[in-house]
Amino acid sequence: MKAFTDLYTALDETTKTNEKIAAMKSYFESASPEDSAWAIYFLTGRKPKQLMQIPKLVALAVAAAGVPGWMFAESYDAVGDTAETIALLLPDSTKTSELPLSDWVENRLLPLRGATEQEQIDSVLEAWQELNDQQRFIWNKLLTGAFRVGVSQQLVIRALSLVSKIEPAVVAHRLMGTWEPTAEFYQHLMEPDTKDTDISRPYPFYLAYPFENDLPVLGEVSEWQAEWKWDGIRSQLIRRGGQSFIWSRGEELISDRFPELIEESVLLPDGTVIDGEILPWKEANVLPFSQLQLRIGRKNVSKKMMEDVPVIIMAYDLLEFGGVDIRDRALVERRELLERLLRGLSCSSDPAQLTIAESDKAAPFCQRLSERLRISPKVEVDSWEALSESRNHSRSLNVEGLMLKRLSSPYKVGRQRGDWWKWKVNPFTMDAVLIYAQRGSGKRASLYTDYTFGLWDNGKLVPVAKAYSGLTDEEIRQVDLFVRQNTLEKFGPVRTVKPELVFELAFEGIAKSTRHKSGIAVRFPRMLRWRTDKPANEADTLETVQALL
Amino acid sequence: MVEFAKPAANYDITNSVSTPDLVKLTDAGLYCEYGDFYIDPWRPVGRAIITHAHADHARPGNTHYLAAAPGKRLLSTRLEPNSSIQTVEYGEAIKIGEVTVSLHSAGHVLGSAQIRIEKDGEVWVVSGDYKTEEDATCAAFELVPCHTFITESTFGLPIFRWKPQQTVFDEINKWWRSNQEAGKTSLLFGYALGKAQRILSGVDATIGPIYTHGAVEKVTQAYRDSGIALPDTQYVGTAPKGTKYSGSLIVAPPSAQATPWTRVFGTVSTAFASGWMRIRGTRRRKSMDRGFVLSDHADWVALNQVIRDTGAEHVIVTHGYAAEMVRWLNEGGIKASSFSTKFEGERDELQPTDQDSESTEESSETDSGIGAANMQDEADLAPTTRTAAAAAAADVPRFF
Ligand SMILES: [Zn+2]
Ligand SMILES: [Zn+2]
């Protein structure tokens, strides 16, 4: 716990990437495999299922601190983090624990789940007695499942790669999917022999950067493949060893949400991994994303749901074929194989001979695949002007814009510039009035940074969107001051403010909603700019925005 | 586990007879009608008693000022030239109208004072800003028993508890040393008045050279001129071109962070010394490498201790977590209410004051700020004593 706390402190005390990597590297070099496994588990944002109810923990903390419950709420309001508030409230510590992280997690933390209330109380009080101030904070973070340290998975991977001398891509692959944080896992992670066996494991996704330039900087249009940017759930469909798996980009195994896709995937040969987008699709048309959201919200997918919101996979890319990782090959080659595969054309079964020329000659053996496994159509153009023109049709096609991929590009890891770009259509906008404000979390915990905006409807402001990004630090500070000086009412952490400030909000989509008072729900709302030039009464009406439906 | 002490109920409400309010809240600030003077007014008035030189307490524009003698030189650099400033020693009682007034050390910054007002045996004390931990750059806090105590509550939540300052200075020294070993410059931000000088007095000056930002140097000079011993510092504005800063410590006001001024220092490690650094989110939002929890305000424990020890029957809470403090005291059996003042307790260390930013600009290019300060200093170099104060008072209309 001591070394891990020091690691946390070191990561927290610097904003420099190389210093963060160095701190992790030196931790992994000296920590035991068990501790390292748990450290990776927490550093990559994984967390145990809820161990103890937060209100119980808070009650315990205020009793130990000798303050009333309302004082916790006020303190939390200033701090913005439950674990930290508790650590700051507890009487000063006099001890430091030398026990290793794995010991604390396995013997103290995990047993809390399912323990009796009294056992939980005893265990937590005992832990607070043994840990120093900073260790208590870490412990509380682990306990409340809110452990975040501001390192990306990419950085953890780079540190592990430095320690093990294994390529980052291999480490990334081994870290995907479900794994248990054990010494064996860590040893496997650092294993120089990179023939991994886990059949469910997806590849790290390659993500595109937003394109904000003039098209000609990309060179010749003939070197690029353009596709529509579909609005669904980016996923990998894996068929290996007679089993199928669907992983979301968020590294969640979502196979059970889409039984019809799993059913169709048996048509794929073993050793196939497809990268694509799950879309709600009916009668040759993509449905709004909100329909899909309804579906993923349900734990059990009913027959009716499957009929109302049928799904397909719009395949973008082929990552593994015949059991061979083909991510290094050029996009043009992978795409060709993908098309042959999904059109039921022939392909060689010997991965060593996987070339387009040879697959042309081979006899058909793949079965004809269904309507549910589709290929993302190319947008065929011969000039940048024509491409730009095509993008203008995005909205009517219900897509977000275009994807531009270099034909020669390999399938890389993570978000990288250069070969893949997303070129979205300009968002919808509206001018809305700030009506509620709430404090942010983490870095912005002591500022009012989370806002709710309203539109006019018969002389009243109806809440339509929440947004917390898009302003500069200086603007945030000014709005924070406005909120403090113009609070009309407080409801817990939420303040109702004088309806005076107008912001231009951008959003990606709009859908009908029965759950919202306004009758609409907007996607990805964010603040474009502060309309200091506009008085509140000139903000948009609900009617004008509803017209976009 | 140890429980925090709750303030004890040390008076009996039923016995208290109604007494006149010696201090009232008005549009211009805290006002004593029996002496016809204000305390730290935020609008220009005829007579202002100033608790200390921080910008939200000592505002220019008043006709006459009264302040504690040790802070006179400092205060004069914060007001218009030739302001009418009269001083009294700590503990020296003077009669103003119907009340007897004395100033008592608040331990906050050089010359900081609590204002004691007495009328017919009834005693009110206005704390100004205060801390109880000792500070080598100012006199120690003096506990003043009273019936009504008007207290600040900048850090009036139980999450704000300070470590002994030596622990913090040790952390700062360690940080400076390790930066030095890594060839980095240590850039430490702290409030230009008070915090910066306390840091200078506490760091191990043998580690390396110490440089200052103009705003800090100006105040530091005023401290030295007031007889406070501080290690040698070199003002960045007069350092020769091409000075290598690596390994040194640079003390600057928070407003200088991320300004062009910091560009010449090479690879820096940044840190901020403030009570607000107790909260991780605040430190991260400031984008500092380190945060040192060092405050010139009383922490939660000290606030409660002082309130209880004054024996006050009524506590009036001003800037900071006033509502929370009032509720806490009332629940603990101490009658409390609040004054909504224009003191910026909650934010004064988080936001640049006008004086900080002015100095940032002037010192980034020229050294005029320092030159002007020195000139002013020469005209008034005598240590502040009774005689000096009396002499100064003779030239201008008297406060009382
Ligand atoms: Zn102050
Ligand atoms: Zn103050």
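We did not get these values from a lab; they are worked out from the coordinates using the rules stated. Computed from a predicted model, the values in this text were never measured in an experiment. Note that each Cβ is placed from the backbone with ideal geometry, even for glycine, and that neighbours are counted across all protein chains shown.
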When A:TYR76, A:TYR451 are arranged by how many other beta-carbons sit within 10 Å of their Cβ, fewest first, they go A:TYR76, A:TYR451
Under 20 Å between alpha carbons, and skipping anything fewer than 8 positions from A:LYS378 in its own chain: which lysines qualify? A:LYS229, A:LYS405, A:LYS422, A:LYS424
Per-residue HN-Hα couplings for segment A:215-228 [Karplus 6.51, -1.76, 1.60; θ = phi - 60°; Hz; x = Gly/Pro]: 3, x, 4, 7, x, 7, 5, 6, 8, 10, 10, 10, 9, 6
Among A:GLU220, A:GLU130, A:GLU19, what is the fewest-to-most ranking by other Cβ atoms within 10 Å? A:GLU220, A:GLU19, A:GLU130
For segment A:315-324, take each phi angle, set θ = phi - 60°, evaluate the Karplus expression 6.51 cos²θ - 1.76 cosθ + 1.60, and give the result in whole Hz per residue in order, putting x for glycine and proline. 7, 9, 7, 10, 9, 9, 9, x, x, 10
Over all residues in A:10-18, what is the mean tally of Cβ atoms on other chains that come within 10 Å of each residue's Cβ? 3
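How shielded is B:288-295 by partner chains, expressed as the average number of their Cβ atoms within 10 Å of its Cβ atoms? Mind dumping the intermediate values first?
On the way: counts 2, 6, 3, 2, 0, 0, 0, 0.
Averaged over the peptide's residues, the number is 2.
Can you give the % of DSSP beta bridges in the protein assembly as shown that are antiparallel, to the nearest 5?
Working: 91 of 139 bridges.
In the protein assembly as shown, approximately 65 percent of DSSP beta bridges are antiparallel ones.
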Taking only the alpha-carbon positions of chain A and ignoring solvent, what does the Debye formula give for the base-10 log of I(q)/I(0) at q = 0.06, 0.07, 0.08, 0.10 Å⁻¹? -0.37, -0.51, -0.68, -1.06
Show me B:153-163, B:224-234 ranked by packing, highest mean number of other Cβ atoms within 10 Å first. B:153-163, B:224-234
Using modelled backbone amide H atoms (1.01 Å from N, in-plane), which distant-in-sequence or interchain residues come within less than 5 Å of B:GLY29's amide H? B:TRP42
Net charge near A:ALA521: determine it from the other residues with C-beta under 12 Å of the C-beta of A:ALA521, scoring Lys and Arg +1 and Asp and Glu -1. +4
Among the DSSP beta bridges whose two residues both lie in chain A, what percent are antiparallel, rounded to the nearest 5? 90 percent
Residues whose built amide H sits under 5 Å from the amide H of B:PHE339, excluding neighbours closer than 5 in sequence, are B:VAL317, B:THR318
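Of the listed peptides A:543-549, A:301-307, what is their order by residue-averaged count of other C-beta atoms within 10 Å, with the highest listed first?
Going from most to least packed, we get A:543-549, A:301-307.
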Towards the positive end of the charge dipole of segment B:102-222, with charges on Cβ (+1 Lys, Arg; -1 Asp, Glu), say which of B:THR185, B:PHE141, B:GLY214 has the farthest Cα. B:THR185
Cβ under 12 Å from B:GLU98's Cβ, B:GLU98 left aside: what net charge do those residues give with Lys, Arg +1 and Asp, Glu -1? -3
Among A:VAL494, A:GLY519, A:ALA465 - extreme Cα towards positive end, dipole of segment A:428-546, charges at beta-carbon: A:VAL494
Across the residues of A:68-80, average count of Cβ atoms on other protein chains within 10 Å? 5
Percent antiparallel among DSSP beta bridges (both partners in segment A:206-424, rounded to 5): 85 percent
Here, the protein assembly as shown modelled as identical Cα point scatterers in vacuum has Debye log10 I(q)/I(0) at q = 0.04, 0.06 Å⁻¹ of -0.25, -0.56
Residue-ordered couplings for segment A:77-88, obtained by feeding phi - 60° into the Karplus form 6.51 cos²θ - 1.76 cosθ + 1.60 and rounding to whole Hz (Gly and Pro as x), are 4, 7, 9, x, 8, 4, 4, 6, 4, 4, 4, 6
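Dipole of segment A:206-424, Cα-centred, from +1 at each Lys and Arg C-beta and -1 at each Asp and Glu C-beta, to the nearest 20 debye?
Numbers: 32 positive and 35 negative charges, 142 e Å.
So the dipole magnitude of segment A:206-424 works out to roughly 680 debye.
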Please list, or write none, the aspartates and glutamates whose alpha carbon is within less than 17 Å of the alpha carbon of B:LYS119, excluding same-chain residues fewer than 8 places away. B:ASP21, B:GLU33, B:ASP36, B:GLU92, B:GLU98, B:GLU313
For A:LYS141, which lysines qualify as cross-link partners when the Cα separation must be under 25 Å and same-chain residues fewer than eight apart are set aside? A:LYS2, A:LYS16, A:LYS20, A:LYS25, A:LYS47, A:LYS49, A:LYS56, A:LYS95, A:LYS443, B:LYS163, B:LYS286
For B:CYS138, B:CYS32, what ranking results if the residue with the fewest other Cβ atoms within 10 Å of its Cβ goes first? B:CYS32, B:CYS138
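Hey, can you rank B:84-96, B:277-289 by average C-beta count inside 10 Å, highest first?
The peptides rank, most packed first, as B:277-289, B:84-96.
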All other residues with a Cβ under 10 Å from the Cβ of B:GLY202 taken together, and with Lys, Arg as +1 and Asp, Glu as -1, what is their net charge? -2
